[in-house]
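Notes follow once the structure below has been shown.
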Amino acid sequence: MPPGAGIDVLPDEVLHQILGLVEAHESVRTCAVARRWRHLWKSATGLRIIAGAGKFLGSVEKFCNFMDILLRQRPGPPLHTCELTLAYFDQWISKQRYDPLVPTMVNAWFWHAVRCQVRVLRLRACWNDHLIIVPTFVTIDERPVDSRHLTMLELGGIVVNRRLLDFSNCPLLERLEFKSCDFDPDGDSRLRICAPSLVSLILDDIWGMAPMLESMPSLVKAIVANENSMEDCDEVECNCEFCRNSYSIGDDTGSNGSVLLKGLSEVKDLTLISVPEQYIFKKDLRWCPIFSKLKTLLLNEYWCVPDDFRALVCILEHSPVLEKLTLELSSKKYRQQRERKGTLRPMEGSAAILEHLKIIEVRCDAVDERICKLTLFLCAFPIRLTLN
């Protein structure tokens, strides 16, 4: 660029990329800069809309009209990125006359981005800058996302359905994230996620029934946080085959009954989070697969029930090349757990089973009795305590 030259010397292709990095309503305003800029925004490579939270002021009607005009006026090249974040959107509707067409319009915006051959697509329904506590009103049409271009999909606060989870015709889809989404079951049948090309998977704050994961042979990293699904057991003395009190962990072989763990068996970096009332991981451990590539594993206190480390032992015994184990433990949650009285001994055969395990990191906010028992149980390995 010559000395003193402005942004106008840049070619249109570069300006399209720059405009794709700013929010859509700011990008549109550049049409008033000069004659050359009148239509540049229509070919921006990115479409970023953040509604509410001070990012887009005005009524719901004004926002929807803006979106309608924006999409009709944009006949440009395929999109690289489309980000639609609805922050405080529920508050807009509660303070004004509710328009039942709004959810339909949000759904239309989503599929418009797919038709624009978008590569990175994010749709988030938010509340107070965080994903909502209960799934929101937005439901995506029941049809598969057939795209030869999509590489990343992030959905937050969305009610999903069976056909939407079929990504078998998305050969480039490598990153998939669901945050505070409701996996509404099809009758009594569990939904299935089919995404054979995935490299990264995040299931954070699952609602409804945990989805069944089909084979993901290229998976490198996965985070599964199952804390709000409907699959819990509150019976104190229950000894069913599913709940936390079950003694059937690891009794069976094969994978026919696995919901989550079988689909994660090829992963290299894995995080599993749950709460004591949820039984889905304990159920899966009855058919625990071999994690033949797993090198890094992070677990929370769900896997470290006082005086009962069967779940922890089971997953460690099925991770033959594991190198690092991180345990994040909360004293507050520990006090809410029911202890199981029994004889506690160091993990037997640990050196032979976990010959690659180099270190165990325990992250906690206090060194309590449970931490002492855990370190005794895993004393064959070097343990590093980290106080939060």
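The values are calculated or read from the model by the stated rules, or taken from the named source; none is laboratory data. What you see is a predicted model; the values in this text were computed from it and never measured. Glycine gets a Cβ as well: all are built from the backbone with ideal geometry, and neighbour counts include every protein chain shown. Ligands, DNA and RNA are stripped out before the accessible areas are found, and what is left, the full protein with its side chains, is counted by its heavy atoms. Shrake-Rupley method; radii C 1.70, N 1.55, O 1.52, S 1.80 Å.
Rank-order 26-36, 358-368 by packing density, defined as the average count of other C-beta atoms within 10 Å over each peptide's residues, highest first.
Top to bottom by mean Cβ count within 10 Å: 358-368, 26-36.
Largest first, how would V14, V9 line up by accessible area (1.4 Å probe)?
Correct descending sequence by accessible area is V9, V14.
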Between L21 and I223, the FRET efficiency computed from the C-beta separation at R0 = 30 Å comes out, to the nearest 0.05, as 0.65
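Beyond 28 Å between alpha-carbons counts as too far, so tell me which of K179/K358; K179/K283; K221/K282; K221/K373; K262/K295 fall in that bin.
Result: K179/K358; K221/K373 exceed 28 Å.
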Need the full-extension length gain, Q73 to M105, defined as separation in residues times 0.36 nm minus the C-alpha distance. One decimal, nm. 9.9 nm
